[in-house]
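One structure below.
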Amino acid sequence: MKRFILLLLTAALIISCNSSGSDSVTISVKLSESLDMNEVDGRLLLMLSSNEDAEPRFQINSGLNTQLIFGKTVEGMTPGEVVSFTAEDFGYPFESLGDVPDGAYQVQALLHVYETFELSTGHTVKLPMDNGEGQQWNRSPGNIYNIPVELDLREGVSNLSVTIDQVIPPIEEPEDTEWVKHVKMRSEKLSEFWGRDMYLGAHVLLPKGFEEHPEAKYPLMIFHGHFPSDFGDWRTTPPDPNTEPVYSERFGVEGYNIIQQQEAYNFYQRWISEEFPRFIIIEIQHPTPYYDDSYAVNSASQGPYGDAITYELIPFIEEKFRGIGEGWSRFLYGGSTGGWESLAVQVKYPDEYNGCFAACPDPIDFRAYCLTNIYEDKNAYYYESEHRKIEVPGRRNNLGQISTTIKDYNHLELVLGDKSRSGQQFDIWEATYSPQGEDGYPQRIWDKYSGDIDHDVANYWKENYDLRYILERDWDKVGEKLRGKIHIYCGDMDNYYLNNAVYLMEDFLESTTDPYYDGEVTYGDGDEHCWNGNPDLPNHLSRLQYNSMYLPKIMKRILESAPPGADLSSWRYK
């Protein structure tokens with residue numbers, strides 16, 4: 001566990017600024033001598049914000065409204081030691097402190113604490129352990145930070161100092177209820193790889209009548225996705241009438257928080273109705289030292305998460321909660337990261353699951369790794385041109401308006417952590433898909449600063465994680481096992497251009513014979529991320545109905561594919 005002893009201590013950073021204008025600014029961060037500790041490793045982050053609406057640590061993002069951040073790795077930092085940020089240190093969106101415009105800023109420092117892991121591969125790596133928050137650097141328990149102080153660069157302030165004593169506290173785990181149970185188990189496979197005890201968890205939604213029908217055994221629905229703090233989109237009471245409506249900028253909908261409460265309650269009403277099939281639904285917790293989830297597959301730098309989930313966690317849950325425990329009774333679904341995971345797990349474990357419903361999946365063909373073809377393009381950040389330099393877009397809205405670029409995403413990640421340690425999207429793809437480097441960290445798919453692609457690493461990705469390529473390569477072996485199991489949904493204006501890879505996957509799937517894949521690929525006209533297959537509802541509503549929208553197709557699949565003698569009755573009570 002991250003050094004929680006820090007929670008009992010007075011953690012102090014002293015921030016001093018020497019400036020004669022931003023071109024020569026130096027901001028030094030010092031661990032106070034009063035800190036009762038020996039040494040600490042981690043990523044030291046320095047943030048400046050011209051917006052006082054929230055702390056700087058909560059205003060760092062890749063979009064148009066981001067504030068400023070600079071970062072550097074520290075090892076063995078001890079109380080009294082000073083680390084200085086100068087114009088030479090890398091930052092985002094300004095690469096150098098020397099580029100920061102004159103003005104008044106709220107200044108905050110945060111130390112993202114690393115721990116040491118002795119891997120079974122023989123490597124020693126230093127990474128941030130998840131502490132129940134889902135790998136969020138700005139709110140991870142045990143991280144040290146300060147209450148923001150104002151710094152006016154225009155005045156050339158020198159020797160400004162602030163003593164702070166803020167340590168992010170532990171997160172309380174959710175309590176079991178009548179319907180939702182929380183489980184955690186030590187994974188032998190992962191513990192062996194990481195050289196310490198490692199755990200998997202899940203939030204388990206029990207069916208109506210679970211206690212009254214001890215003879216029943218249930219099919220299992222596995223909802224893949226980002227780290228869930230509790231079972232999502234579930235509420236046993238109507239919306240709180242005192243809730244103040246909140247406008248959703250993403251969807252342009254007023255009172256979206258109330259809509260979420262209502263949809264969660266609607267699902268509860270469906271779940272307990274006589275017509276609703278009796279299933280167990282689980283949401284998995286599998287954060288790694290690299291990200292908020294493992295991508296549910298085995299990988300060189302993260303270890304055997306695929307095997308651990310499929311062969312340890314799933315059977316553990318099925319035994320504890322009377323699951324049927326056979327491949328025909330297990331189904332996968334999810335969106336975005338969870339969409340990729342659902343399809344990848346179905347492809348890599350074809351006998352263990354009976355169908356996947358993959359919405360807006362992360363790139364499933366690396367010829368369309370967002371807008372980059374990692375096999376043919378030379379650079380991921382810029383389009384090839386002799387006389388122009390145009391950045392590759394990273395995010396759009398449904399009108400095609402661009403808000404960030406691939407370079408922006410990656411440069412922010414480079415500030416948050418080197419060696420794929422940012423805990424962000426492109427780094428977790430590396431941590432999952434890349435071979436392990438000589439230093440024990442993932443090999444880069446491209447130079448993080450310049451964007452130049454390493455095609456040897458790209459070929460490794462191709463052979464091991466390019467799902468379209470793997471299916472095409474192995475269709476004669478896995479085609480029959482996957483027939484009728486693949487369902488993919490994506491908006492044709494996905495914000496991250498994920499529909500481009502879906503088009504390529506569809507081209508292959510529709511070309512299959514002996515057998516024909518016999519599934520579906522469907523697009524939402526003009527829909528953004530993360531359209532999940534319902535053409536009758538707007539995206540902001542359908543995304544709240546994952547746990548029930550695929551059930552008719554799942555029931556149909558069960559009745560068509562269950563083997564002779566399968567239990568099709570004990571769980572079908574009213």
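The values are calculated or read from the model by the stated rules, or taken from the named source; none is laboratory data. The model shown is predicted, which means the values in this text are computed figures rather than measured ones. So basically every Cβ, Gly included, is an ideal-geometry build from the backbone, and we count neighbours across all protein chains shown. For the accessible areas, the whole protein counts, side chains as well, though only heavy atoms, and no ligand, DNA or RNA atoms are used. Shrake-Rupley method; radii C 1.70, N 1.55, O 1.52, S 1.80 Å.
What the table shows:
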{"read-out": "Among (1) open to solvent by 10 Å² or more (accessible area, probe 1.4 Å); (2) outside any loop (DSSP other than H, G, I, E, B); (3) under 21 Å from K556 (Cβ atoms); (4) not hydrophobic (A, V, I, L, M, F, W, C) - the single one D456 does not satisfy", "value": "(3)"}
{"read-out": "Region 236-253: number of residues that are part of a loop (DSSP other than H, G, I, E, B) and open to solvent by less than 60 Å² (accessible area, probe 1.4 Å)", "value": "4"}
{"read-out": "Answer residue from region 512-533, given it is more than 22 Å from K556 (Cα to Cα) and more than 27 Å from the chain's Cα centre (by Cα) and is surrounded by the most Cβ atoms within 10 Å (Cβ to Cβ) among those", "value": "T512"}
{"read-out": "N499, sole failed condition from (1) in contact with a Cys (Cβ under 6 Å, 6 or more places away or on another chain); (2) over 15 Å from T372 (Cα atoms)", "value": "(2)"}
{"read-out": "Given (1) in a loop (DSSP other than H, G, I, E, B); (2) over 28 Å from F279 (Cα atoms); (3) out of contact with any Pro (no Cβ under 9 Å at 6 or more places or on another chain), index of the condition D536 fails", "value": "(2)"}
{"read-out": "Only one of I259, I222 that is open to solvent by 40 Å² or more (accessible area, probe 1.4 Å), closer than 17 Å to M549 by Cβ and either at pLDDT below 95 or not small (G, A, S) (or both)", "value": "I259"}
{"read-out": "Unmet requirement for G195, which otherwise passes all of (1) on the phi < 0 side of the Ramachandran plot; (2) out of contact with any Lys or Arg (no Cβ under 9 Å at 6 or more places or on another chain)", "value": "(1)"}
{"read-out": "Qualifying residue in region 305-325 (condition: farther than 19 Å from H182 by Cβ and under 17 Å from the mean Cα position of the chain (by Cα))", "value": "yes"}
{"read-out": "Candidates D507, D536, filtered to the one that is over 25 Å from the mean Cα position of the chain (by Cα), open to solvent by 20 Å² or more (accessible area, probe 1.4 Å) and farther than 26 Å from E560 by Cβ", "value": "D507"}
{"read-out": "Flag if G232 is at pLDDT below 95, in contact with a strand residue (DSSP E or B) (Cβ under 9 Å, 6 or more places away or on another chain) and either farther than 25 Å from S140 by Cα or not charged (D, E, K, R) (or both)", "value": "yes"}
{"read-out": "Test: F227 is in a strand (DSSP E or B), among the aromatic types (F, W, Y), under 30 Å from E326 (Cα atoms) and open to solvent by 20 Å² or more (accessible area, probe 1.4 Å)", "value": "no"}
{"read-out": "Residue selected from region 515-574 under the condition out of contact with any strand residue (DSSP E or B) (no Cβ under 9 Å at 6 or more places or on another chain) and of a type in the set (D, E, K, R), by the criterion modelled with the lowest pLDDT", "value": "K574"}
{"read-out": "Close pairs (6 angstrom Cβ cut-off, 6 or more residues apart or separate chains): assigned to a loop (DSSP other than H, G, I, E, B) in region 190-217, loosely packed, with under 14 Cβ neighbours inside 10 Å anywhere", "value": "G195/E118; D197/R186; K208/I272"}
{"read-out": "Answer residue from region 84-126, given it is open to solvent by 20 Å² or more (accessible area, probe 1.4 Å) and charged (D, E, K, R) and is farthest from L68 (Cα to Cα) among those", "value": "E118"}
{"read-out": "Verdict on T405 being at negative phi, at pLDDT 95 or above, crowded, with 22+ Cβ neighbours inside 10 Å and under 20 Å from the mean Cα position of the chain (by Cα)", "value": "no"}
{"read-out": "Identity of the residue in region 374-401, farther than 30 Å from G252 by Cβ and among the charged types (D, E, K, R), that ends up surrounded by the fewest Cβ atoms within 10 Å (Cβ to Cβ)", "value": "E386"}
{"read-out": "Unmet requirement for E430, which otherwise passes all of (1) over 15 Å from the mean Cα position of the chain (by Cα); (2) outside any loop (DSSP other than H, G, I, E, B)", "value": "(1)"}
{"read-out": "Region 67-84, residues that are within 17 Å of L414 (Cα to Cα) and in contact (Cβ under 8 Å) with a residue 40 or more places away in the chain", "value": "I69, F70, G71, T73"}
{"read-out": "Answer residue from region 176-204, given it is among the acidic types (D, E) and more than 23 Å from P128 (Cβ to Cβ) and is least open to solvent (accessible area, probe 1.4 Å) among those", "value": "D176"}
{"read-out": "Boolean, D439 is closer than 20 Å to P304 by Cα, outside any helix (DSSP H, G or I) and open to solvent by 10 Å² or more (accessible area, probe 1.4 Å)", "value": "yes"}
{"read-out": "Failed item in (1) on the phi < 0 side of the Ramachandran plot; (2) of a type in the set (D, E); (3) not in a helix (DSSP H, G or I), with D518 passing the rest", "value": "(1)"}
{"read-out": "Residue tally, condition touching a Ser or Thr at 6+ places or on another chain (Cβ under 9 Å), of a type outside the set (D, E) and within 27 Å of D53 (Cβ to Cβ), over region 72-97", "value": "6"}
{"read-out": "Restricting region 360-384 to residues that are over 20 Å from the mean Cα position of the chain (by Cα) and of a type in the set (D, E, K, R), the residue that is nearest to D527 (Cα to Cα)", "value": "R367"}
